[in-house]
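Here is the structure we will look at.
The values are calculated or read from the model by the stated rules, or taken from the named source; none is laboratory data. Note that the structure is a prediction, hence the values are computed from the model and not measured. Using ideal geometry, Cβ is built from the backbone for each residue, glycine included, and neighbour counts are taken over all protein chains shown.
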Amino acid sequence: MSSRSSGLFWGFLGVLAFSFTVPLTRVAVEGMSPLFIGSGRAVLAAILASTVLIATRQKLPNARQFRHLVVVGAGVVVGFPYFTSYALETVPAAHAAVVIGLLPIATAAVAVIRTSERVAGRFWVFAVLGAIAAISFASVAAGEFGHFEWADLLLVGAVITSAIGYSEGAVVSRELGSWQTISWTLVIWSPVMIIMTVVSMATQPITATPWQWAAFVYLGAVSMYLSFFGWYRGLAIGPITTVSQVQLIQPVLSIVWAALILGEVITLEVAVGGAVVIACAALAVRTRLKL
C-alpha cells in the first residue's frame, strides 16, 4: 500500500476499536465508579504494556521523549478516560458520541499548531461551525436551548485533552514507534493510576456484574492500549491532519453500537446533530492542506 493508504488503514483500525469505548463505558459505570473506571483501566493497560516492554527489551526513552510522553498520558490516560467516565454517568452514550464528534477537528487543529502544517482559512471556518453545531446539539438535547448539562463540559474537556494526547503521541511515535509510545506512556503514569485505583476502591465498593466487568476489560485492554497500536501508527505515517479524518466515522459507529448494545433509541435530534457535526468536521478536514 502507498504511505497515505497505509496511514488511513491503520488509523481506521484504531478508530474501529475506539468506537466501542463510549457505549461500553456507559455499561461499566452502572456497576463501577467513574474514578475506578478511569484509573483501573489504565492500570490494566499498564500491566499489559510493561509485560510487552520487558519481553521485547525496549530501550528506555530519553529525557526529552519522557517529557513528551507525560503530555501524551495527560491527554489519553488521564483526561479522556476520566472526563468521559464522569459524563456518562448522566448522559446517554449516543449523546456523548455526537459531542465527541468534534474530536477530529480538534486533533487536526492541534496538529496544525504542533507540527506547523499549512491549512486553508476555510478549515477554521468549518471548525468553528462544527463547534457551534455541537454546542447547539447539546443544548437542545438537554431539553432547553441555552441550557447545558455539566456532562457536556466534561465531554468538551475529553475532546480537548484527547486531541492534545493524539497529536503529541503521533509526533513521539515517529521516534519510538506506535506501540512503544502508548506502552511507555502507560508505564510512566502507572504509579498515579494505581494510587487513584486504590482510592476509588476504598471510597466506593464495586458491585459490577460479569457483563460490566467484560466492558471494563475491553476498556483497559483495547480502548486504552491495543487500539493505540493502529491509531498512533496511522498518525505517525500521517500527515496527522490527513489520517485524523478517519475518526469522523467514530461517532457514527458509537451511536450504532449504543443502539445495538444498550438499546438506546436513535432520536431525530441525535441523528440530525450527529449529521451536522460530522458534516462540518468533514468539510474542515478536507480543506486542511489546501492553500
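Condition test on Phe123, is it out of contact with any strand residue (DSSP E or B) (no Cβ under 6 Å at 6 or more places or on another chain) and within 19 Å of Ala282 (Cβ to Cβ)? It is true that Phe123 is out of contact with any strand residue (DSSP E or B) (no Cβ under 6 Å at 6 or more places or on another chain) and within 19 Å of Ala282 (Cβ to Cβ). Checked against (1) under 20 Å from Ala28 (Cβ atoms); (2) out of contact with any helix residue (DSSP H, G or I) (no Cβ under 7 Å at 6 or more places or on another chain); (3) not hydroxyl-bearing (Ser, Thr, Tyr), Val192 passes all but a single condition, namely (1).
Taking the conditions exactly as written (part of a helix (DSSP H, G or I), of a type in the set (Lys, Arg) and at pLDDT below 85), does Arg114 satisfy them or not? Yes. Filtering segment 218-268 to residues that are at pLDDT below 80, assigned to a loop (DSSP other than H, G, I, E, B) and not aliphatic (A, V, I, L, M) leaves Gly238, Pro239, Glu264, Thr267. The C-beta contact set for segment 230-247 (first residue surrounded by 21 or more Cβ atoms within 10 Å (Cβ to Cβ), second residue β-branched (Val, Ile, Thr) and part of a helix (DSSP H, G or I), distance under 6 angstrom, 6+ apart or interchain) comprises Tyr232/Thr181; Gly234/Val243; Leu235/Val243; Ser244/Thr107; Val246/Val15; Gln247/Val15. Identify all residues within segment 163-176 that are under 22 Å from Pro251 (Cα atoms) and surrounded by fewer than 24 Cβ atoms within 10 Å (Cβ to Cβ); write none if there are none. Within segment 163-176, Ile164 is the sole residue that qualifies. A count restricted to segment 168-183 and to residues that are over 14 Å from Met224 (Cβ atoms) and part of a helix (DSSP H, G or I) stands at 10.
Yes or no, residue by residue, for (1) farther than 23 Å from Leu153 by Cα; (2) at pLDDT 90 or above; (3) assigned to a helix (DSSP H, G or I):
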site: Ser5; (1), (2), (3): yes, no, yes
site: Gly14; (1), (2), (3): yes, yes, yes
site: Gln58; (1), (2), (3): yes, yes, no
site: Pro61; (1), (2), (3): yes, yes, no
site: Gln65; (1), (2), (3): yes, yes, yes
site: Val77; (1), (2), (3): no, yes, yes
site: Pro81; (1), (2), (3): no, yes, yes
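If you go through segment 186-216 and keep only what is β-branched (Val, Ile, Thr) and either under 17 Å from Thr21 (Cα atoms) or in a helix (DSSP H, G or I) (or both), you end up with Val187, Ile188, Val192, Ile194, Ile195, Thr197, Val198, Val199, Thr203.
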